[in-house]
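Novice: This is the structure I want to talk about, given as structure tokens.
The values are calculated or read from the model by the stated rules, or taken from the named source; none is laboratory data. Worth saying up front: this structure is predicted, and the values here are computed from it rather than measured. All Cβ positions, glycine included, derive from the backbone under ideal geometry; neighbour counts span all protein chains shown.
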Amino acid sequence: MRSRIILFILTSFLWNLALAQNLHPGSYSEANQERKPDDLLFSELVKPVSPENTFQTESFFNWGASIIKGEDGLYHLFYSRWKAEYEFTGWLVFSEVAHAVAESPEGPWKYHSTALKGRGKGHWDAITAHNPKIKNFEGKYYLYYISTNMGNMEYTEEELLETALVGYSHPNWSILRPNQRTGVAVSSSVYGPWERFSGTLIEPSGPITTLTVNPAIAQGADSLYYLIVKGDKPKEERFIRNQAIAIAKHPLGPFEMQEKPVIDYMDTEDMSIWYDSSRKRFYGIFHSTEGFIGLVTSTDGVNWEKALDYKGIPKKLALQDGTTLEPQRLERPFIYHEDNELMVLCLAAKVENISYTIFVPLRPNK
């Protein structure tokens, strides 16, 4: 009898361990590998910026950037834009995901086409297409983005325009903001066409509530996909956003939300992540409402901590002419890398009523 009990306990232990490995292999499969320390001094990589390192579109607000090298050997930029006549707060209702092309990830960039717009009534992404991240996984292009809708409420284009011009105090904002979700479109070519889906990728739960926005995704050495999304901090009266992590076996999901947040100790936005195969760890770059572009890191994609160069860079940039650029807003950081080499830091900048993207060249860092 006693031997049977021991066998049952051992079998249960092995079963639970196998289940844990299936859900979070990154936590186990590399556990015995020698990991390099977090020695990335990101702030030392940032080079001065030239006028050619900016991308601005007349009569539009440009915001954010995500770069990929296409099947044609050229570089492709996916970014948010909306007409300046809609004011800056027009992003919530009129943003579209645009596509530009260049011969270098530093630019200069030339607008090619509009990749995604809001699909109209009856869809989860009825209104706006915003904050894109472009990825190539297993030979296909995945364009992650956010959108929103008005639920079952009727509305007109005139009402959407009024919402954009009034901004945060408009009653529709309290409907549109909590309806924001993350989705993805897929194509076999970086030029499209883009296949879109009837559902979203993930709902708020665990360490975030209200909304799931601003996706960042990377594939780990365990072949799993690690998706970071932002939402409101639960049980918090102040306006503070958390960063949460979800894991899936496929770029389309289903994604399983993890209970432990990536960041919940300060208000942050706009995470981008990548996996450093030489250091065998993830890095995440974000903008802090406390005035810096910061970094966090993780060896398993689940447990995150402040990186060695946590406070990265302040929200100002050195220019090649010896002056300093300090925009009113400097956000949406994104790192473009090739073969584990960090090449360009993309940032969205706003000065008065103009917004544009900056492509900061980076020094070799291997």
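Novice: Name the strands (runs of 3 or more DSSP E) wholly inside the range 64-145 in which the number of residues that are crowded, with 22+ Cβ neighbours inside 10 Å, at pLDDT 95 or above and not aliphatic (A, V, I, L, M) is 3 or more.
Specialist: Hits in the range 64-145: 75-83, 127-137.
Novice: If you take the residues in the range 152-161 that are free of Cβ contacts under 8 Å to residues at least 60 places away in the same chain and surrounded by 14 or more Cβ atoms within 10 Å (Cβ to Cβ), which one is farthest from Ala126 (Cα to Cα)? So that I can check it myself, show each step before the final result.
Specialist: As a first pass, look at the range 152-161 and keep what is free of Cβ contacts under 8 Å to residues at least 60 places away in the same chain: 152-159.
In the following step, the residues that additionally are surrounded by 14 or more Cβ atoms within 10 Å (Cβ to Cβ) were identified as 155, 159.
On the way: Tyr155: 12, Glu159: 14 Å.
My answer is Glu159.
Novice: If you take the residues of the range 188-219 that are touching a Phe, Trp or Tyr at 6+ places or on another chain (Cβ under 8 Å) and surrounded by fewer than 16 Cβ atoms within 10 Å (Cβ to Cβ), which of them is nearest to Thr114 (Cα to Cα)?
Specialist: Within the range 188-219, the match that is nearest to Thr114 (Cα to Cα) is Ser189.
Rundown of residues vs (1) assigned to a loop (DSSP other than H, G, I, E, B); (2) touching a Pro at 6+ places or on another chain (Cβ under 8 Å); (3) over 18 Å from Phe42 (Cα atoms); (4) at pLDDT below 95, yes/no style:
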position	(1), (2), (3), (4)
Leu295	no, no, no, no
Asn303	yes, no, yes, no
Tyr336	no, yes, no, no
Asn365	yes, no, no, yes
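Novice: Condition first: out of contact with any helix residue (DSSP H, G or I) (no Cβ under 6 Å at 6 or more places or on another chain) and hydroxyl-bearing (Ser, Thr, Tyr). Now tell me which residues in the range 126-148 satisfy that.
Specialist: Those that are out of contact with any helix residue (DSSP H, G or I) (no Cβ under 6 Å at 6 or more places or on another chain) and hydroxyl-bearing (Ser, Thr, Tyr): Tyr141, Tyr142, Tyr144, Tyr145, Ser147.
Residue-by-condition table, conditions (1) within 26 Å of Ser278 (Cβ to Cβ); (2) free of Cβ contacts under 8 Å to residues at least 60 places away in the same chain; (3) of a type in the set (D, E, K, R); (4) surrounded by 13 or more Cβ atoms within 10 Å (Cβ to Cβ):
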{"site": "Gly294", "(1), (2), (3), (4)": "yes, yes, no, yes"}
{"site": "Ala307", "(1), (2), (3), (4)": "yes, no, no, yes"}
{"site": "Tyr310", "(1), (2), (3), (4)": "yes, yes, no, yes"}
{"site": "Lys315", "(1), (2), (3), (4)": "no, yes, yes, yes"}
{"site": "Thr324", "(1), (2), (3), (4)": "no, yes, no, no"}
{"site": "Leu330", "(1), (2), (3), (4)": "no, yes, no, yes"}
{"site": "Asp339", "(1), (2), (3), (4)": "yes, yes, yes, no"}
{"site": "Met343", "(1), (2), (3), (4)": "yes, no, no, yes"}
